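The values are calculated or read from the model by the stated rules, or taken from the named source; none is laboratory data. Just so it is clear, the model here is predicted, and its values are computed rather than measured. With ideal geometry, Cβ positions are generated from the backbone for all residues, glycine too; neighbour counts draw on all protein chains shown.
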Amino acid sequence: MSGIPIVDARDVVKRFGEHEVLSGVSLEVAPSETVCIIGPSGSGKTTFLRCLNRLESIDGGTIEIAGERIGTQLGSDGRQQRIGKQELAAQRAEIGFVFQRFNLWPQLSVLENITLGPRKVRGRSREDAEAQARELLRKVGLEDKAHAYPKLLSGGQQQRVAIARALAMQPRLMLFDEPTSALDPETIGEVLDVMRTLSSEGMTMVVVTHEMGFARQVANRVVVMDRGAVVEVGPPDQVFGAPREERTREFLSKVLAH
Ligand code: ADP
Ligand code: MG
């Protein structure tokens with residue numbers, strides 16, 4: 001891999017009480033790469049994504065985003081120390097996160113949802129933030145919804161707004177946690193299309209998904225997780241066409257049977 005990876009996670013361990021949910025997960029993601037993470041429910045996919053942008057702290061290993069440790073810095077005593085809230089917010093601003101359930105602010109219009117972050121965190125003027133928001137709404141095919149409120153939109157439309165909102169922060173990295181699994185089937189395609197475009201434009205993306213067709217077509221590499229560990233990593237044609245691991249075959253035979 002040439003240059004500094006956008007994601008460099010090494011031996012990440014995460015426990016909830018006694019329960020070890022991640023048992024040493026490593027992943028490197030190069031600039032402009034799209035990596036899809038697949039695997040059975042409960043295998044730690046969401047937890048891993050949440051660790052990447054420090055929505056969860058980790059109990060072992062290291063995570064660097066674009067060469068910077070997330071959530072900690074080297075103190076004068078040579079040890080890693082937690083950074084302050086503001087510094088963490090600045091690091092997080094570089095990472096867009098799209099949740100399964102959109103998480104738009106219901107009391108704000110679409111335009112306000114998209115402009116709030118750039119105005120508050122990035123200090124951009126209203127005019128500037130709104131111009132950018134309109135451009136992003138065009139990109140996700142919702143230019144006519146600027147003044148709508150989230151509850152009047154379909155799930156697919158809300159998720160496209162959520163993607164536009166994340167992009168408005170001009171992140172270096174986009175994380176998606178099963179972005180289509182809460183959607184009506186007829187709106188899944190429009191969200192995947194937006195993601196496919198983003199990927200082809202060179203956005204660096206980590207996508208947890210059950211959409212095997214999307215993973216196969218769009219991912220540069222596919223990561224298979226099971227029980228808190230990476231079971232297999234490879235190009236999609238290899239992972240789907242000639243999986244090396246029994247656990248991958250088992251998982252694929254279950255999901256592809258539907
Ligand atoms: P996946 O996204 O692959 O379905 P998760 O990362 O959501 O898996 O969950 C992995 C495991 O961690 C599950 O056993 C889940 O119950 C547990 N878990 C997730 N979040 C928490 C939490 N906040 N507290 C305790 N256990 C959790
Ligand atoms: Mg999950």
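Observations on the model:
Residue-by-condition table, conditions (1) buried (at least 16 other Cβ atoms within 10 Å of the Cβ); (2) charged (D, E, K, R):
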{"site": "F16", "(1), (2)": "no, no"}
{"site": "S43", "(1), (2)": "yes, no"}
{"site": "L52", "(1), (2)": "yes, no"}
{"site": "I58", "(1), (2)": "yes, no"}
{"site": "A90", "(1), (2)": "no, no"}
{"site": "E94", "(1), (2)": "yes, yes"}
{"site": "V110", "(1), (2)": "yes, no"}
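- Just one of the listed residues (L192, L198, L183) is buried (at least 17 other Cβ atoms within 10 Å of the Cβ) and within 16 Å of ligand 2 (Cβ to nearest atom), and it is L183.
- Residue list for segment 87-123, filter: over 17 Å from M174 (Cα atoms) and at pLDDT 95 or above: W105, P106, Q107, L108, S109, V110, L111, E112, N113, T115, L116, R119
- Looking across segment 30-46 at every residue that is outside any loop (DSSP other than H, G, I, E, B) and near ligand 2 (Cβ under 8 Å from one of its atoms), the one that is farthest from V222 (Cα to Cα) is identified as T46.
- Residues (touching a Pro at 6+ places or on another chain (Cβ under 7 Å) and assigned to a loop (DSSP other than H, G, I, E, B)) located in segment 121-146: R124
- Scanning segment 216-235 turns up no residue that is under 23 Å from L111 (Cβ atoms) and modelled with pLDDT of 95 or more.
- Selection from segment 30-41 of residues that are closer than 23 Å to A90 by Cβ and surrounded by 20 or more Cβ atoms within 10 Å (Cβ to Cβ): none
- Hey, L88 within 16 Å of ligand 2 (Cβ to nearest atom), assigned to a helix (DSSP H, G or I) and among the aliphatic types (A, V, I, L, M) or not: no
- Scanning segment 201-217 for residues that are in contact with an Asp or Glu (Cβ under 9 Å, 6 or more places away or on another chain) and away from ligand 2 (no atom under 16 Å from the Cβ) returns T204, M205, R216.
- Residues that are over 20 Å from P236 (Cα atoms), of a type in the set (A, V, I, L, M, F, W, C) and away from ligand 1 (no atom under 16 Å from the Cβ) were ranked within segment 2-47; the one that is farthest from the chain's Cα centre (by Cα) is I4.
- Out of A182, A215, sole residue that is within 16 Å of ligand 1 (Cβ to nearest atom), touching a residue at least 60 places away in the same chain (Cβ under 8 Å) and in a helix (DSSP H, G or I): A215
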